[in-house]
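Read-outs: derived from the displayed coordinates by stated rules, not from any lab. Keep in mind that this is a model prediction, so the values were computed, not measured. Cβ coordinates were reconstructed from backbone atoms using ideal geometry, including for glycine residues, and neighbour counts include every protein chain displayed.
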Amino acid sequence: MRRQLYGASAKGFFVFTLLLMLFSQIALSIASWPAIKGQLVPELDQKSSTVAKSVALKIGRALDYGIPLDGLTGIDEFFGEILAQTEGISYLALTRLDGTVMVSRGIEGARLQGPLQSLFPGIREQTGKPMSLTVPVADRNADQRTYRNTAALVLQNDEIEAAVIHVGFDPVYAERKVGDLRYAVVIVLFASLLIGFEILLATLTQNFIGPLRALADWVDRMARGDFRSPGPSESALAKGIHARLSALAAGVRAALDGGLGNSPAAGMTELRASPLVKDVIMIRILTFLFMFASMLSRPFLPVYLKGFADDGLGLSPELAASLPITVYLGVMALSMPYVGRWSDSHGRQAGFVLGAILMASGFCGTALADNFWLLVLSRAVEGVGYASLFMSCQGYVVDNTNPENRSRGVATFVSAIMVSEVSAPAVGGVLADSLGFRGVFIVAAALALISVPVAYRILGAGSAPRHPASAKAARGQPEGLVALMRNARFVLIALFAAIPAKLLHSGFLIFLTPVILSKFGSSPSEIGRFAIVYGIVALLAMPVFSNLADRYRCHFAFVVTGGVIAGAGMLPVLLSPQPATVLLGILALGLGQAMSISPQLTLITRAIQTGSPDTGSGSALGVFRLIERVGGALGPLLAGVLTLKLGPVTAMAGLGMVMLVSILVCAVVISTQPREKGGLHAA
Amino acid sequence: MRLDRRRWLIAGLAGVTTGAWAQTKSAVAPTRGPYKIFMILFRGETPVEQGFMEYFRVRNIPVEFIVRNVDRDVKRVPGLIDEARRLRVDLLYVWGTPVTVAVCGKTGKIDPRKHVTDIPVVFTMVSSPEGAGLIKRRSSSERNITGVSHVVPIDQQISAIKAYRPFQRLAVMFNPAESNSAQSVAELREISLKSGFTLMEFPVPLDDRKAPLASAIPDVIDRIAAAKPDYLYIGADSFLAANRKEVTETAMARRLPVYSATEVMLRDGKALFGLVSPYKSVGQLAASKASLILQGKSRPQDIPVETLPSFSYIVNMSVASRINFYPSIKVANFAEVLS
Amino acid sequence: MNKFSLSLRIVLPVVAIASFAIVFNGYLSYAKFEKHLSQVELSRMRFSVDEMKNNLETGLRLGLQIRALSNAQEIVTSSAQKDRGVLSIEVIDHEGKVIFRSGAPVTEKTYPRGWRTAVLGRQKPLETLSSDAFFLMIPLVGMTEDSSGALAFRYSRDGHDRTMQGVLRALFPLNAIAIALSVVIGMVGVFWLMRGALRRIHGVEQYVDKVVAGTVTTSGHDALLEVDAAVAAAREVARVAGTPLHQSPAGGV
């Protein structure tokens, strides 16, 4: 019924919209290309002309000193240096006044000779005007390539013509450089599809799916014998069915009244409007907005921070780059309980708005900061803002779900986070290329502020916490900490599996990747492209692995294998320090973490249940999350210190070793422990 | 009575303290001019001194220069030191290794009675301050001296020669009685092994008193020409500098390309080319260090001994056309060309 | 009205995202191209500036101070005359004072931020494209600290702007068409899909009526089992309560 009612239609809307976006962007890119293609050529012509004139001048000067034309030496090296230092030029040649090639670099004189000579009269006539020169690619090949040749006369004593300099470039090659735009377009396409998906989901749910799903739920409830009526229908779409179902339900209630002589039905309170899934989906868009804003700067944040180290602080650049990140993560982790409590008492809307404003101010501070400590302060403010946003959104989900559908609600929340993790760094990288680092922070601040009116619309209703107790539990107060600390399995997994994983994540992915890649010469948009790989792999692989783990009950094996893969993937870069091995590391991290994140949670829950059954699972999980976050906060700092001592590439391998050793220790210790009933190995 | 004694005591103490304080102050140097600089030259005024004095003139720093020339006789130095002390000069300027060693003494063998330890000293034209035993490290002499080294590092010189045109065989002519020359030949030997070129050494024959024979010069050059080197290297050698005309003109007649490590053989001789520290610039750099000391901004031990930040590549184009050996296009463009 | 406004509520965000993505795409093409263009332009300028630097430093190497460079004015003037796009070339001493100049005078405000620290202080070159011109500044190395300086070169951005305008003129119609088409196709598509959605909803409504009236012929895959179950439950409850469920067409009991 659901399919009929809204499923098929919704799918249709999604597919249509996404296809529309896909085709329009692809078509646009394809059409744009010819439009821009030729525009770079005039500038390249001018450059060739400048180079040709300058070289001609230099040779003329040598001739003026009395060096005969045939006595000139070292021209080959001279041309070679110019070619190496100047981008875009394919060849340089010196010819006599009759066109015979004396020296050439970039293309062999023999191949240039013929074409140049035949073109020569034209060149002599209009020296300085670019002309097309077709040169065979190899001696016997029929292949040819066309260059634009600009010539300049070598003058002795400023008057006497002595020789000719030719500078040539390949327009196709030049254009290809501009067309390197391709990657950026794909990234933008991908990101825009994801963003479009989020927005569409929100809109459709609000206007279409929500009301219809409510109806379907009502029908299901009736099938189970619950004939209470939800409130009046808000949607025009649902009106018809709503009326029919109301009639049915009313009929049943009337029958009950009539038959039983009293009106138990009257005692049935109307089912309060189910806020359920509709609102939770709405929280998705809010979560998406603020997560997107906070992740925009990921590809280049450490590089940006390093720039502040020159300020003579006595801090090495590596520490300067890692400190603000650690401060951010640390402040965020530590403030979570407090802001959580605050949003419990003041309402989710207030919590969200506060968070958004704090985060926006933090971004502005980061963008405009002139000195290092102001920067650190801004990051701390951002951390508190993020914590408040996170806790408010999470709290809202918890408030508006009951234990049955909570995991579905949480999954929605988490998937919004993952989607922004995938799309934001890539877009941030592309923006950074054009707007500069500071510009991206301003954009992030703007996004954070935009979410405020959206929050007012969405969180307006139902933002007061309904289940303070469960909210508290979900927040995870560190009560029963002592009991937990005595739980060997809990401690082992937390310390030797979870923390290293977080260290690796924040230390490598967030901190080291931009640092190493920019050291290899990658631009922010290129770094963003790399960062996206992690998100995609994790997004795709996680459901697969968690299904497999559940089905074959091998959670522990997956946690260990995932840790080993992630750790080992950090090592190849030592052998071959180049972007490809960094990418390998990112892939391995994504894969390893996709494998281990979900099973890890299962293991922890089980460890809590068997080892310390008295501690509420909610608060125990909260403790676990806190421990994890501490690990995450320490990641950049550890990475920074390692970078300082060993250089970034070795630091990457170092983090990998930490992960490998810890996970193996964990594996060994746990497998030597006696099996308990319902213990980890039973799974 | 008791009051008087106390008063005298206080006055005495005050006097002693002030005197001691004034003494320390003068050891650092007064902070306003006009300053007195006492210059001890070896063989008369050179462009180095011109550059040195010009520095102060151009910047309107009031300096009184007291110039004395030992005329190659180092034994006159102690007398000049006495004179400098009597005149209460603010700074000593010394030219060349012999004079500097006489004035300052070698590290570890400093005698405060003979050598100057209380007046700041700036030296120039010392080929190798470390080799001469004046300092252990260039970053700080750890005493009251600093200065400018005019010798271009040997690896830069070899690069300069290669830039003219690549080479495989280098002949070096030198006066074996001069320690600088012997040292630069040793450096050449070392770098020839590293860079893979052949070094051929041609010391000038010495007479019974271990003095080089000027009359042997044409003969040596003939032998060099017969060995067919790519270049002939002339280092910072005073004997050869003194005989520059004969050396370079004979070499030119034999069509030998001559590289010179000093400016004088190029501007006042017929050497072909060289990478040199222009003397005037050496003087200016020395003056900038002296200026820091005079104005009390730094002490000599805090100012490192340096070479010039960049050197002049000089080519004698008339010689090049005479021997038909022209430089590469790069050199032709960035060198200072003398015609 | 409601069908229309509903469709509109869905169309608007859809079309808005599609348009935004198109605009961003276009912006990207524009920005990337501009970056490449600037790189080529600056490298060309750098070429000329480096030549001037070498000429000037030959004199500095002799120990001269910047203001003593006799050939500096000529170097600067002839370079400026060679290319009409040059706005100004200035030779600056170690304190930042302009000693030689060719072209229009430049107030210090138009120099990029931090030029003193970067160029005079840290001896690093500076290249920017500011709102009114290309600006290149490179250090000139002298023998002593106070005989060093810098060379400041300003080049008109007219050529650059003209090229970018050409690009914009080429891209704009394409983007506009893309947006227009997206809007039209989007609206048509959404309306059409909405019609299908409404049809399906209407189908469910009719099904409910039929089940309630008891006139449905359940034929396997057309059946909406949940509705069947609900109505069956309703009837069961009524039977247990002893009162039959009154049935009448939609709207009543």
Could you check what % of the DSSP bridge pairs in chain B are antiparallel, to the nearest 5? 10
Under 16 Å from a point 7 Å along the Cα-to-Cβ line of C:ALA104: which residues of the range C:113-140 have their amide N that close? C:130-136
In vacuum, with every alpha carbon of the range C:23-165 counted as one equal point scatterer, what does the Debye formula give for log10 I(q)/I(0) at q = 0.12, 0.13, 0.15, 0.21 Å⁻¹? Two decimals, please. -0.49, -0.56, -0.73, -1.29
Shielding of C:36-46 by partners, i.e. mean partner chain Cβ atoms within 10 Å per residue? 5
Given unit charges at Cβ for Lys, Arg (+) and Asp, Glu (-), the dipole magnitude of the protein assembly as shown about its Cα centre in debye, nearest 20, is 2500
Which is the longest run of chain A containing none of the trypsin sites (Lys or Arg not before Pro) found in DSSP loop states (not H, G, I, E, B) with at most 11 other C-beta atoms within 10 Å? A:273-485
Putting +1 on Lys and Arg Cβ atoms and -1 on Asp and Glu Cβ atoms, find which of B:GLN301, B:ALA211, B:GLY131 reaches farthest to the positive end of the dipole of chain B. B:GLN301
Compute, for the range A:40-178, the length of the dipole vector about the Cα centre, with Cβ point charges of +1 (Lys, Arg) and -1 (Asp, Glu) only. Units Debye, rounded to 20. 300
Unit Cα scatterers, Debye sum, the range A:40-178: log10 I(q)/I(0) for q = 0.12, 0.19 Å⁻¹: -0.43, -1.10
Report the semi-axes of the equivalent ellipsoid for chain A in whole Å, largest first, where each axis is √(5λ) for an eigenvalue λ of the Cα gyration tensor. 62, 32, 23
Links exceeding 19 Å between C-alpha atoms in this model, out of A:LYS58/B:LYS280; A:LYS306/A:LYS645; A:LYS37/C:LYS35, come to A:LYS58/B:LYS280
Charged-residue dipole, Cβ positions (Lys, Arg, Asp, Glu), chain B about Cα centre, Debye nearest 20: 1200
State the answer as a single residue: which of A:TRP33, A:THR146, A:SER48 lies farthest towards the positive end of the charge dipole of the range A:1-157, with beta carbon charges of +1 for Lys and Arg and -1 for Asp and Glu, about the Cα centre. A:TRP33
Placing one equal point scatterer on each C-alpha of chain B and summing with Debye, one gets log10 I(q)/I(0) at q = 0.10, 0.13, 0.15 Å⁻¹ equal to -0.65, -1.00, -1.23
If one compares the long axis through the Cα atoms of helix A:579-611 with the longest principal axis of the Cα atoms of chain A, the angle in degrees, nearest 10, works out at 10
Over chain A, what is the relative contact order in whole percent, taking alpha-carbon pairs under 8 Å and six or more residues apart? 13
Sites matching GluC sites (Glu not before Pro) across the range C:106-153 that sit in DSSP coil, with at most 10 neighbouring C-beta atoms within 10 Å: none
For the pair B:PHE334 and B:ALA182, how long in nm is the line joining their label points, each one 7 Å along Cα→Cβ? 3.7
If you count, for every residue in C:191-204, the Cβ atoms of partner chains within 10 Å of its Cβ, what is the mean? 5
Per residue of A:192-203, other chain Cβ atoms within 10 Å number on average 3
Cα-Cα pairs above 55 Å in the protein assembly as shown: how many percent? 44
Relative contact order, percent, of the range A:40-178 when contacts are C-alpha pairs under 8 Å separated by at least 6 residues? 31
With the 8 Å Cα cutoff and a minimum separation of six or more residues, chain C has a relative contact order in percent of 19
Calculate for the protein assembly as shown the 222 nm mean residue ellipticity that helices alone would give, adding -39,500 (n - 2.57) per DSSP H run of length 4 or more and normalising by residue count, nearest 500 deg cm²/dmol. -20500 deg cm²/dmol
Among A:PHE496, A:ILE536, A:PRO514, flag the residue with its Cα farthest along the positive direction of the charge dipole of the range A:476-683, charges on Cβ as +1 for Lys/Arg and -1 for Asp/Glu. A:PHE496
